[in-house]
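Step one of this worksheet: look at the structure below.
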Amino acid sequence: MRRVVITGAGTVNALACDVAATYAAFAEGRCGIGALDVRDLDRLGVQIGGQVRDWDAEARFSRQQITLYDRFTQFTLTAATQAISQSGLQFDGDLGDDSGVVLGTAAGGVNTWDDSYRAVYAEDKNRVHPFVVPRLMNSAAASHVAMQFGLRGPSFSVSTACASSNHAMGLAFQAIRGGGAKVMVTGGSESMLCFGGIKAWEGLRVMSQTACRPFSLNRSGMVQGEGAAVFVFEELDHARARGAEILAEVIGFAMTSDASDIVMPSQEGAARAIRLALRDAKVAPDAVGYINAHGTGTAANDKTECAAIAQVFGAAAERVMISSTKSMHGHLIGGTGAVELLACLMALQQGVIAPTIGYEVADPECPLDVVPNQARQAAVDVVMSNAFAFGGLNAVLVLRKAA
Amino acid sequence: MNMQSQVISVEAQVIAIIAEQAVLDVADVTPGQSLDSLGIDSLGLVETIFAIEEAFDISVPFNANEPSESPFDLGSVASIVAAVEGLIAQKAA
């Protein structure tokens, strides 16, 4: 089987609009969550989020592009441009045929839905802009990345709620490993921080009004974020032949389904995904130095996730470092696994473990090393990234330090 | 309709919309030209129709699947102006 490496990374999130500054924020343990700036904020019960500030679409895209790009597509294209630029790849000729794009998003162009419903229901307009459909469709970002960079191989979008990006990146990994592509541009994006998007989440009553405190006994729920992260996954031999800088190797992936509940997670489903990902990667639990947790900051997730890790890791669970960077950038829903993979890359590349910030009170049901509040220097060789979505859809990735 | 549109002719407004869509100067859009010759493609056409509907508060009968069946003559800038004037008159009647 072919080996798969990462040769480019890009991001837009509440902490920063590129990878280097996001790493710096992780290392500082900086919080990107703050007061939201959205229309009709006074009618929202939740008024904080990990919002991308001062996003100047006009400075980044032409007027004609903006008519076609929802905010989630704008974030995606910005991150993809950074990643592909770092990889140094040009997709002319045959490479374009052998390269694709697979991106995760839970809800696609939510701002476009929101604006259009507002126009017809609240403002009594009888027409909406003609490009509403091509803007809002979940696959729009994948298509625009393919169009902009000439990626003519396997290309599609994946929507599995909060595991969307991990499923997308797992499928990208499998496509290259199985010989279906040489390069896959992959990751995910979400942009639900608008009135309708926040209102919908309020309904579930799982949102915090103060802060995201994963694994902390005084946790008060999740906080939404927005943004994107995009990576270039490349066949190892192809990357070596052109002398590319390798950021990390992707060595394992597994997905499972709880098949039990539409919102409550299952320890067994999560544990199976973790165990199968380790088996796919051919590594033992004690080889794993860091786990980027799903860590939503909800009671249901945090306890179940810690129990699942303890179940699979056994004694090794006492030594592995686990953190949830959602405490800093918020929960990017379908884009979250992609932004969180950056914490995995930082651990492998720089030997810096991103912390779980906002941690105040130890929770006896989360008795693991959650790297509270301060980043830590630690050399790690293998890392894992968990995503456990609503509806019991689990996706776990395993990465190794570049040789 | 805003104050400005009451003093600017329908023709001038339609030409302004088409020029913006074609990314041309208003002076470069003349009544005899077709949208095709101005470089407006099928997506540009539906955006142009949308802009016309918004500007004049009218509904333009047009289906992209059968453009030749449309009672709205898209043959040239002049025919579009005439069709818009017709729709405005219908609305007023």
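The values are calculated or read from the model by the stated rules, or taken from the named source; none is laboratory data. Computed from a predicted model, the values in this text were never measured in an experiment. Here the Cβ is made from the backbone with ideal geometry for all residues, glycine too, and neighbour counts use every protein chain on show. Surface areas here come from the heavy atoms of the whole protein model, side chains and all, with no ligands, DNA or RNA. Shrake-Rupley method; radii C 1.70, N 1.55, O 1.52, S 1.80 Å.
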Modelled label-to-label distance, A:Ile246 and A:Asp37, 7 Å Cα→beta-carbon offset: nm?
4.3 nm
State, in square angstrom and to the nearest 100, the accessible area buried between chains B and A, both chains counted, probe radius 1.4 Å.
900 Å²
Can you tell me what percent of all Cα-Cα pairs in region A:4-241 are more than 25 Å apart?
44 percent
Sorting B:Asp36, A:Asp369 by accessible area (1.4 Å probe), largest first, what list results?
B:Asp36, A:Asp369
Signed unit charges on C-beta, dipole axis of region B:3-92, positive-most listed residue B:Gly86, B:Phe62, B:Ile17
B:Gly86
Taking a label point 7 Å from the Cα of A:Gln47 along the Cα→Cβ vector, which residues of region A:211-247 have an amide N closer than 13 Å to it?
none
Computed from the beta carbon distance with a Förster radius of 35 Å, FRET efficiency for A:Phe156 and A:Ser85 to the nearest 0.05 stands at 0.90
Apply the Debye scattering formula to region A:1-92, with a single equal point scatterer on each alpha-carbon and no solvent, then give log10 I(q)/I(0) at q = 0.22 Å⁻¹.
-1.19
Just tell me how shielded A:119-132 is by partners: mean number of partner chain Cβ atoms within 10 Å of each residue's Cβ, no decimals.
2
Translational diffusion of region A:1-53, µm² s⁻¹ [Kirkwood Rh, Cα pairs; Stokes-Einstein; 25 °C; 0.890 mPa s]:
183 µm²/s
Taking the highest mean first, how do the peptides A:4-12, B:46-54, A:358-366, A:177-185 order by number of other beta carbon atoms within 10 angstrom per residue?
A:4-12, A:177-185, B:46-54, A:358-366
Given points 7 Å out from each Cα along the Cα-Cβ axis, report the B:Ala89 to A:Ala57 separation in nanometres with one decimal.
3.9 nm
Of the residues A:Phe313, A:Ala287, A:Thr298, the Cα lying farthest along the dipole of region A:254-400 towards its positive end, which is defined by charges on the beta carbon of Lys, Arg, Asp and Glu, belongs to A:Ala287
Low-density loop trypsin sites (Lys or Arg not before Pro), region A:34-70, at most 10 other Cβ within 10 Å, DSSP non-H/G/I/E/B, are A:Arg53
Gained length - A:Ala300 relative to A:Asp18, 0.36 nm times residue gap less alpha-carbon distance
98.3 nm
Could you name the aspartates and glutamates in cross-link range of A:Lys303, using Cα to Cα under 17 Å and dropping any fewer than eight places away on the same chain?
A:Asp258, A:Asp261, A:Glu268, A:Glu318, A:Glu360, A:Asp363, A:Glu365, A:Asp369
